[in-house]
Amino acid sequence: MVDVLLGLQWGDEGKGKVVDYLARQYDIVARFQGGPNAGHTLVLDGQKFVLHTIPSGIFRPQVLNLIGNGVVIDPTTLIKEMESIAAAVPNFGERLFIAKKAQLILPSHRLLDTAMEAAKGKAKIGSTLRGIGPTYTDKIARRGLRMGDILLPNFKARYEELKTEHLKMAQIYPTVDFDLAEQEANFFAAVETLKGHQLVDGEYFINKQLTQGKKVLAEGAQGSMLDIDFGTYPFVTSSNTISAGVCNGLGVAPQKIGEVIGITKAYCTRVGSGPFPSELFGEEGENLRQAGGEFGATTGRPRRCGWLDLPQLKYTIMLNGVTQLVITKVDVLNEMEELKVATAYNYGGQKSQELPHDLVLEDISLDYRSYAGWKSNLKGIQKFEDFPQKLQDYIHSLETELDVPMKMISTGPEREALIIRD
Ligand code: GDP
Ligand code: IMO
Ligand code: MG
């Protein structure tokens, strides 16, 4: 079976940490979408690692890791990432597999991303500028280059052809500061190195493993509210981040999907532009940002912070078919006198449990419920029953309202700071 772990909000829910924890129960961890716009943080023995493309199972010695066909790969970033883990995981190359059908991010995709965002001015999406949008655009336009293409004798010629197209397109956008020649030199050096890695037919690879009874954990990137179809369009990323994306992002059939583990913070964050109904501004937002260390793992940008939003979570639980919940960063709320959770949306003169089709256009206000803070440190607690009563009540209340069991509770960035409930 393929179990799935994915974010139920706008990303950065703590997917990396939890995938790393769960990985030891699996044979394979596989990324199925997104690219180096993702930043998944792992804290192992006090050392911090941020993964962008490599699956978060790489630190578990028995686990194979697959970068699936649904992922977009920037060779330069991937090689840098490999270097950053090489000392800690010397044999990572033996356990890392890359789907030949994964699309390649060219330097000129990044140039276009930057130029297109510059053209949007105030309406910008707040992209990570990693070339994600233009690369998926080329995939759909049926002209992209794929990982397997690097092995072909005409790769350079095909590269030049696509780059020329990109440079033509770039002319209609503002000129941006981008050293294409330097980036290209890095790109081709990285491509050479990648030829020495295990490029596979990802769909055969994973299905053979499944036939042999192996267990797979699919690792989501971004969050469901950034999904290209169901997120806060147009302020979204360019892939299907929801569980449906696993099938076409890995080449597995729907009946192979088992548990869908949805992960949420105990509050909510968003990085980049776009609607965020439960956002907190001023001192309240700043306090949460500082307490949670809410700065982007990929770009370092401050994350916008707000309260947990139940209608939003019900929406993404529905879209993904979530069977288990994980809540992270509850420790960030340790000092709070009072915390809030959004319980309903008001728009169009009505109260609703459903999100409007366009969060951008609607004038929305939210209803909130307050909870008394537990005001104590959670360090070292290993059992749910040892949590302060107010925290237990808060968790019970969430799982009742969301109608999905809360199986894991994360109380710190470290691998060990995770409580599992039966
Ligand atoms: P991802 O993109 O979903 O993998 O999440 P990020 O790594 O971008 O952001 C999550 C951040 O929170 C990282 O800095 C993690 O080390 C940290 N983190 C994860 N779980 C917890 C937790 O339970 N408590 C605290 N305080 N930090 C956490
Ligand atoms: P992880 O996997 C949070 C956001 C960007 C921007 C929008 C589009 O670490 O949770 P893109 O670069 O895809 O064109 O940006 O999506 N975004 C993320 N926000 N976490 C991420 O990944 C994100 N990946 C993209 O900030 O608003
Ligand atoms: Mg992240």
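Here is how the numbers come out for the structure above:
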item: Verdict on Leu51 being farther than 20 Å from Cys247 by Cβ and either within 13 Å of ligand 1 (Cβ to nearest atom) or not assigned by the TED database to the domain that holds Gly131 (or both); result: yes
item: Unmet requirement for Glu83, which otherwise passes all of (1) open to solvent by 10 Å² or more (accessible area, probe 1.4 Å); (2) within 20 Å of the chain's Cα centre (by Cα); (3) more than 13 Å from ligand 2 (Cβ to nearest atom); (4) under 19 Å from Val191 (Cβ atoms); result: (2)
item: Verdict on Val332 being open to solvent by less than 10 Å² (accessible area, probe 1.4 Å) and in contact with a helix residue (DSSP H, G or I) (Cβ under 6 Å, 6 or more places away or on another chain); result: no
item: Of all residues in the stretch 1-15 being open to solvent by less than 10 Å² (accessible area, probe 1.4 Å) and more than 9 Å from the chain's Cα centre (by Cα), the one that is farthest from Phe32 (Cα to Cα); result: Gln9
item: Test: residue in the stretch 282-291 that is farther than 23 Å from Ile125 by Cβ, within 16 Å of ligand 3 (Cβ to nearest atom) and buried (at least 17 other Cβ atoms within 10 Å of the Cβ); result: no
item: Qualifying position, being within 14 Å of ligand 2 (Cβ to nearest atom) and either in contact with an Asp or Glu (Cβ under 6 Å, 6 or more places away or on another chain) or more than 22 Å from Gly274 (Cβ to Cβ) (or both), among Thr77, Thr128, Thr114; result: Thr77
item: Residue in the stretch 255-277 that is free of Cβ contacts under 8 Å to residues at least 12 places away in the same chain and more than 29 Å from Asp363 (Cβ to Cβ) present; result: yes
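The values are calculated or read from the model by the stated rules, or taken from the named source; none is laboratory data. Quick caveat: nothing in here was measured; it's all calculated off a predicted structure. Using ideal geometry, Cβ is built from the backbone for each residue, glycine included, and neighbour counts are taken over all protein chains shown. The accessibility values were calculated without ligands, DNA or RNA, using every heavy atom of the protein model including side chains. Shrake-Rupley method; radii C 1.70, N 1.55, O 1.52, S 1.80 Å.
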